[in-house]
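S.K.: Once you've had a glance at the structure underneath, I'll fire off some questions.
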Amino acid sequence: MENKLIILIVIILGAIAIAQLVRVYEISAKLRKNGEHEVSNRDNRLNARLMLGFMIALFIGFIYLMTTYGWTGRGVAASVEGEETDWLLNLNFVIVIMIFFFTNFLLFFFTFKYVRKPGVKAFYYPHNNKLEMIWTVVPAIVLAVIIILGLQTWNDLVAPTGKEAIRVELFSKQFDWTARYAGQDNTLGKYDYKLTTDNNELALLTSNTIDSALNNMLNGSNGISRIQKLLNNRDTIFNDSTSNALRADLSRKERLYRLLAQMKANHNKKLDASAWDDIIQKDTLVLCKGQQYEISLRAKDVIHSAFFMHMRAQMNAVPGMPTRLKFTPSMTTEEMRKSKNNPAFNYTLMCNKICGGAHYKMKMIVVVKDKAAYNAWMASKKKETFKDKYFPAPAAPVAAAAMDTTMTN
Ligand SMILES: [Cu+2]
């Protein structure tokens, strides 16, 4: 606090000092009886040389930063697709840096070279078609090349993956990620938000989860039966706002109940298997080197964005709008640790959309293993499928908190 005050005072005093200096200069110019617009030859030449000096300092500083912080400061890409993206970004950097040097050289060198000289009149040169043509056509071509290459890379990145890609879903909510592997059949089970219950956080769609959601809606602690009972109880008198709220809640739940009943009627039991074998994984996302992944993104509440910085992959997770991204890890965590000379390094998945108060800590550790280690890890998860986790639960999985989360969606 005190530091800030001192800094503020210094800034204010500095501004006053500059204003005073300008005043002094103006008065002294008046005393010398020439206007301040008449700059002496000596001043002009000094300024011209300073321009040149500034240019050299700017270029040296730029090159120093580029070499110290490593070209673009990104480090190596950790995915096959990321290398492509990096190549494109590097190309853009090369173009931008060339233009940076060229235009700044012209700006400062010309101010130096064409400094005002006594007796020399400025050359009047209003128009040149050829020049106009050059500085229109050349940037147009360069931009076209950048855009076409960019579109190609983008199309590659969002093109559907083949069967060999492993399907993983990332479920995002304030403020964490949950990964769901497609399991043995490599097909992600379907889901519907209305099926959200305590032991089915990802709202996966199976015959059992529909039954359980129906049961919950009817007999849950805040279910339809209880609200009806409350409203019909003649011993209790509610004020208007309470009874209106109860009635609104009841009609919403009845509507949801009808939708769930419809879902049950239309449900194809054959779909159950694709959901049962899914593996739900919190905290750590484990991936296999050299294996392509198709990552589907889902958001429960607000827009999040899955950002795999080292894989150069990012995609928004939007409520109600399925999105996906794909990449193939090309370096294991161990290899990256060695290359960075940092034994504590870990890949991370971070949320890159400011999604609320704890956005900054919405992340997941990503571990890339080689094939053997990955397969061993997968094998260890075999008994942790959605089915394994769902069925040890009590037969009627109704919990007080479940109702609330279901209903506020
Ligand atoms: Cu987020």
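Residue by residue, here is whether (1) surrounded by fewer than 12 Cβ atoms within 10 Å (Cβ to Cβ); (2) free of Cβ contacts under 8 Å to residues at least 40 places away in the same chain; (3) more than 16 Å from the ligand (Cβ to nearest atom) holds:
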site: PHE109; (1), (2), (3): no, no, yes
site: ASN128; (1), (2), (3): yes, yes, yes
site: LEU131; (1), (2), (3): yes, yes, yes
site: VAL138; (1), (2), (3): yes, yes, yes
site: PHE171; (1), (2), (3): no, no, no
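S.K.: Which condition number in (1) within 37 Å of the chain's Cα centre (by Cα); (2) in contact (Cβ under 8 Å) with a residue 40 or more places away in the chain is the one that ASN90 fails?
M.R.: ASN90 satisfies every listed condition except (2).
S.K.: Any idea which residue in segment 343-356 is surrounded by the fewest Cβ atoms within 10 Å (Cβ to Cβ), counting only those that are over 13 Å from the mean Cα position of the chain (by Cα) and without any contact (Cβ under 8 Å) to a residue 24 or more places away in the chain?
M.R.: ALA344
S.K.: So is TRP154 out of contact with any strand residue (DSSP E or B) (no Cβ under 9 Å at 6 or more places or on another chain), without any contact (Cβ under 8 Å) to a residue 40 or more places away in the chain and either within 28 Å of ILE365 (Cα to Cα) or assigned to a loop (DSSP other than H, G, I, E, B) (or both) or not?
M.R.: yes
S.K.: Moving on to the next point. Quick check on this structure: which one of GLU132, GLU164 is assigned to a loop (DSSP other than H, G, I, E, B) and among the acidic types (Asp, Glu)?
M.R.: Residue meeting the stated conditions: GLU164.
S.K.: Among the residues of segment 357-386, which ones are surrounded by 11 or more Cβ atoms within 10 Å (Cβ to Cβ), more than 16 Å from the ligand (Cβ to nearest atom) and assigned to a loop (DSSP other than H, G, I, E, B)?
M.R.: Correct list: ASP370, LYS381, LYS382, GLU384.
Results for (1) within 24 Å of MET309 (Cα to Cα); (2) in contact with a helix residue (DSSP H, G or I) (Cβ under 6 Å, 6 or more places away or on another chain); (3) assigned to a helix (DSSP H, G or I); (4) not aliphatic (A, V, I, L, M), shown as yes or no for each residue.
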position	(1), (2), (3), (4)
ALA17	no, no, yes, no
GLN20	no, no, yes, yes
ASN44	no, no, yes, yes
ALA57	no, no, yes, no
PHE62	no, no, yes, yes
GLY82	yes, no, yes, yes
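S.K.: For GLN152, are the conditions met, namely being more than 16 Å from the ligand (Cβ to nearest atom), more than 30 Å from ASP43 (Cα to Cα), surrounded by 12 or more Cβ atoms within 10 Å (Cβ to Cβ) and at pLDDT below 90?
M.R.: Working: more than 16 Å from the ligand (Cβ to nearest atom): yes; more than 30 Å from ASP43 (Cα to Cα): yes; surrounded by 12 or more Cβ atoms within 10 Å (Cβ to Cβ): yes; at pLDDT below 90: no.
No; evaluated as a whole, the condition is false for this residue.
S.K.: Which residue pairs have Cβ atoms closer than 6 Å, lie 6 or more positions apart in sequence or on different chains, and pair a first residue in segment 357-385 that is on the phi < 0 side of the Ramachandran plot with a second residue that is in a helix (DSSP H, G or I)?
M.R.: Matching pairs, first to second residue: VAL367/THR333; VAL368/THR333.
S.K.: Let me ask something else. If I go through segment 232-280 residue by residue, how many of them are touching a residue at least 40 places away in the same chain (Cβ under 8 Å) and not β-branched (Val, Ile, Thr)? First the steps, then the outcome.
M.R.: Step one: of segment 232-280, the residues touching a residue at least 40 places away in the same chain (Cβ under 8 Å) are 249, 252-253, 256-257, 259-261, 263-264, 267, 269, 271-280.
Of the ones still in play, those that are also not β-branched (Val, Ile, Thr) are 249, 252-253, 256-257, 259-261, 263-264, 267, 269, 271-278.
Qualifying residue count, segment 232-280: 20.
S.K.: Next question, about the same structure. Do we have THR85 as loosely packed, with under 14 Cβ neighbours inside 10 Å and either within 21 Å of the chain's Cα centre (by Cα) or without any contact (Cβ under 8 Å) to a residue 12 or more places away in the chain (or both) here? Reasoning before the result, please.
M.R.: Numbers: loosely packed, with under 14 Cβ neighbours inside 10 Å: no; either within 21 Å of the chain's Cα centre (by Cα) or without any contact (Cβ under 8 Å) to a residue 12 or more places away in the chain (or both): yes.
So THR85 does not fit the description; no.
The values are calculated or read from the model by the stated rules, or taken from the named source; none is laboratory data. Bear in mind the structure is a predicted one, so any value in this text is a computation, not a measurement. Don't worry about glycine lacking a Cβ; one is built from the backbone with ideal geometry, like all the others, and counts go over all protein chains shown.
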